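Take a look at the structure below.
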Amino acid sequence: MNVKMIFKPKRVILAIILLILFILVIILLYNIKKNTHTSSILSKTLALKGIVISQENLDKLKGKKLVALTYDDGPNKKYTPELLDILKEEDSKATFFILGSNAEASPEILQRIVAEGHQIGNHSYDHKQFVALSSDKIQFEINKTNNILKEITGVTPNMIRTPYGEVTDKIKTIVNMPIILWDIDTLDWQTTSANKVYNSIMSKVQDGDIILMHDTFPACVQATKMTIEKLKSEGYVFVTVETLILAKQGKIENTVYRYAR
Ligand SMILES: [Zn+2]
């Protein structure tokens, strides 16, 4: 009886120590998991804000064939939501070069574009030819549009596509951000045939391409669906321009891009 009385408290103390250690390990494991989760949410938030795309996400794209679909002149009340539905169904990201005047007319569509993880870029306020404007007026067009987009979405665009893709040394100096042109022009504004737009892409497409369409014309919607379905089956991934450049070149420079390989 006495012997048992001596050993029992030791066992109890040992059991308590083991229990405490067990609880500590559980707390530690829980915190590691929580931190990983928090940092992945943070990366995602930053990517949506158009600021940073996590290295982890870029690493996943290594060695993959990438294409950036870009849509100019919107948002459009009819075609942009249809397009967003398709991009969502296909789990694909795109880039929208927005006119400030159309953003003011459809702020809720612009918010949806950003909320669904697409990139927005500046495409001037009302599509004036920059070559015909004074430096002050070009600057005004850019700032006004950036302010409108920031006001509506919280995101300040960090890339521009100048109206008509006009680029001169003067324009480059004034815009002072990467100018995104394209290497496939689908001429989707000239036709109502989605097949024609689709064929113009399929005849030229290669890894790293930036493709120009307009979400203000009907052909872009079905052409986008057909293009994504076909190219996905060939292993392509559809990413924003920002992700494309970072994945292919590791950094974004203040220069003119037509593709990124
Ligand atoms: Zn345009």
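Which of the residues spanning segment 161-206 are more than 14 Å from the ligand (Cβ to nearest atom) and in a loop (DSSP other than H, G, I, E, B)?
Once the filter is applied, which keeps residues that are more than 14 Å from the ligand (Cβ to nearest atom) and in a loop (DSSP other than H, G, I, E, B), segment 161-206 yields T168, N176, M177, P178, D183, T191, T192, S193, S203, K204, V205, Q206.
Counting only residues that are in a loop (DSSP other than H, G, I, E, B) and crowded, with 17+ Cβ neighbours inside 10 Å, how many does segment 219-248 have?
2
Taking the criterion of being farther than 16 Å from I180 by Cα, more than 15 Å from the ligand (Cβ to nearest atom) and in contact with a helix residue (DSSP H, G or I) (Cβ under 8 Å, 6 or more places away or on another chain), would at least one residue in segment 69-81 satisfy it?
Yes - at least one qualifying residue is present in segment 69-81.
Report yes if I113 is within 18 Å of L83 (Cβ to Cβ), in the same structural domain as K232 (by TED's automatic domain parsing) and surrounded by 14 or more Cβ atoms within 10 Å (Cβ to Cβ), otherwise no.
In short, yes.
Any idea which of Y164, Y198 is in the same structural domain as K65 (by TED's automatic domain parsing) and within 20 Å of V256 (Cα to Cα)?
Selected residue: Y164, the only one of Y164, Y198 that is in the same structural domain as K65 (by TED's automatic domain parsing) and within 20 Å of V256 (Cα to Cα).
Residue check, D207 against (1) more than 14 Å from Y71 (Cβ to Cβ); (2) over 19 Å from the mean Cα position of the chain (by Cα); (3) surrounded by fewer than 19 Cβ atoms within 10 Å (Cβ to Cβ), all met but one. Which one?
(2)
Assuming T173 fulfils every condition listed in (1) surrounded by fewer than 17 Cβ atoms within 10 Å (Cβ to Cβ); (2) of a type in the set (V, I, T); (3) touching a helix residue (DSSP H, G or I) at 6+ places or on another chain (Cβ under 8 Å) apart from one, which condition is it?
(3)
Can you pull out every residue in segment 184-202 that is surrounded by fewer than 17 Cβ atoms within 10 Å (Cβ to Cβ) and within 26 Å of L246 (Cα to Cα)?
Within segment 184-202, D185, M202 qualify.
The values are calculated or read from the model by the stated rules, or taken from the named source; none is laboratory data. Computed from a predicted structure; not experimentally measured. Glycine gets a Cβ as well: all are built from the backbone with ideal geometry, and neighbour counts include every protein chain shown.
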